[in-house]
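The values are calculated or read from the model by the stated rules, or taken from the named source; none is laboratory data. Since this is a predicted model, take the numbers as computed values, not measurements. No Cβ is skipped: glycine too gets one built from the backbone with ideal geometry, and neighbour counts run over all protein chains shown. These accessible areas exclude ligands, DNA and RNA; they are computed on the full protein's heavy atoms, side chains included. Shrake-Rupley method; radii C 1.70, N 1.55, O 1.52, S 1.80 Å.
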Amino acid sequence: MKIENKKLPIKELILWDENARFPDKYYNSDEKELIKYFVSKPEFKIKKFAKEVVSQFHLPQLEKLVVWNDEENFIVLEGNRRLTVYKLLSNPELTESISLKNYIHELKNEINIDENFLLECLVTKDKELGLEYIDRKHAKGNNEVNWQEPERRNYNLRRGNGTINDTITNGINNIVKGLDLPERMKEDILGKGHVTTFYRAITTTPAKKKYMYRITEDGELKVDNINFEDELKVVIYQLLNKSDFEGNKLNSRTLNKTENIESFIQKINPKDAKKVEIEIQKNTSENLFGGKTINIGNNNIKISRDKISSKNTPTGLFYREDVPFRIDSSSLKILYEELKNIPVKTYPNATHDLLRSFLECSLAFYLKKNKHYDKISKSNSHNPKLGEMLAYIINKKCKEINDNNLISTLKSIKSDYEKPYSLERMHMINHNENFVSVERDVRAAWSKLEPLFKIILVNK
């Protein structure tokens, strides 16, 4: 086997002087110097770590050390901070710090440990294989997703360690999740960046008094204020918007004192819930395939893709899989279905070329349907070229809808020759063996072309 589970005594395990935590000058340093460095850095929290090891000494070791056996030594590639703690517990004299030494001696009296104590290790003679564990844990975060505040409070409650505030917060979280608001708004207010300010506003004394929170015998939150849900919508909207309806700023600094929170909470009016609904509707835009984007206030907070596939990135080019094509053309429906289903990551060049065909056929269909096709100024070719049809759209249709930003975007499609969305680049994918595409290019091209499709395919 290339890697084995082994139990090795502390005395045989060696700190790795090339560990990323050590500056370059510590290469080839002896063990005492390496331990001294760990101890000198408060951010490594050696004392706290040692206390936790002792308090949970009865539990099996959760994280194994990753050890490289270079024939002569057992060098710990992953787990150097943990090994430092075990070495100090087995021999407090390894540190020069008097206060830490005394502290470790006190801890050591609570457990049975010496330099022969066995630690669980994953041992390999293949250093590169060992380094893969470092890549996974530190470069990729061990593919873990850290708990946010709601999860931590849930855990405390389920462990029986929750406080009254944990119960209130957990109850409010459940109410928020049931509100008639876009899902992403609810996720954002309970997510990193907003949740701390939200909790501060809605769980402190002014909110408790106004909304009359109480805990039932079953340990559940009850809110006696009948306007609570409407007012909660207003609170969420204003905090995401970072200002109230009077234009006053709302953030962690302006809501850091009880009197400021009380002023904010007392001004919340249930009638303003209607304003929130209007603002959401006013600031919601829908793309061709049903995806919605909500931009809240001047901060341009993007709350996007309501009712879209839960996957972050679709396999095909579009997000919605259940939205029918918007125009009556069987040939365009076929192209659309292929673009929807072809794996962009696997076949980027084919998708890019198909997108170009979809664009050209959609333009021709639109112009013929609206009796513009024969009016296009064209070169000697029998049919208008893609660029000529695009120029007509820019000069005629975009000016009708008076959208200067859209005109600028579409002109860039013609002029930005090196961009993946440009006509030139799409032509090269089709005609030049030196041009190839990647998934990122195809998705960037669609992102840029989407406003044009909204004109030509949603036309009444």
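Other residues with beta-carbon under 10 Å from the beta-carbon of E262 carry, at +1 per Lys or Arg and -1 per Asp or Glu, a net charge of +3. Ligands, DNA and RNA are left out, and with a 1.4 angstrom probe the accessible area of the range 1-157 is 62 Å² per residue.
With K and R counted +1 and D and E -1, the other residues having a Cβ less than 11 Å from that of V344 yield a net charge of +2. Using every pair of separate Cα atoms, the Kirkwood estimate puts the hydrodynamic radius of the range 24-107 at 13.8 angstrom. Using a probe of 1.4 Å on the protein chains alone, the accessible area found for R200 is around 70 Å².
Among the protein heavy atoms of the range 1-154, carbon and sulfur supply 45% of the accessible surface, probe 1.4 Å, non-protein parts ignored. Which aspartates and glutamates have a Cα less than 19 Å from the Cα of K275, not counting those fewer than 8 places away in the same chain? Cα-Cα hits under 19 Å: D180, E183, E229, D230, E231, D244, E246.
Within the same chain, aspartates and glutamates fewer than 8 places from K208 are excluded, and of the rest, those with a Cα less than 12 Å from its Cα are D224, E262. Where the accessible area of the range 188-279 is counted over protein heavy atoms with a 1.4 Å probe, how much of it, in %, is carbon and sulfur? Looking at the range 188-279 in its full context, I get 44 percent from C and S.
Between D180 and T315, the distance separating the two model label sites (each 7 Å from Cα on the Cα→Cβ line) works out to 3.7 nm. Solvent-accessible area per residue in the range 187-271 equals 55 Å², computed with a 1.4 angstrom probe and all protein chains kept.
In terms of its C-alpha gyration tensor, the range 1-147 has a rounded overall shape, because the principal axis ratio a/c (a ≥ b ≥ c, square roots of the eigenvalues) stays below 1.5. A cut-off under 11 angstrom between Cβ atoms defines the neighbours of Y211, and their net charge, with Lys, Arg +1 and Asp, Glu -1, is +2. Computed on protein heavy atoms with a 1.4 Å probe, the accessible areas place F318, F245 in the order F245, F318, largest first.
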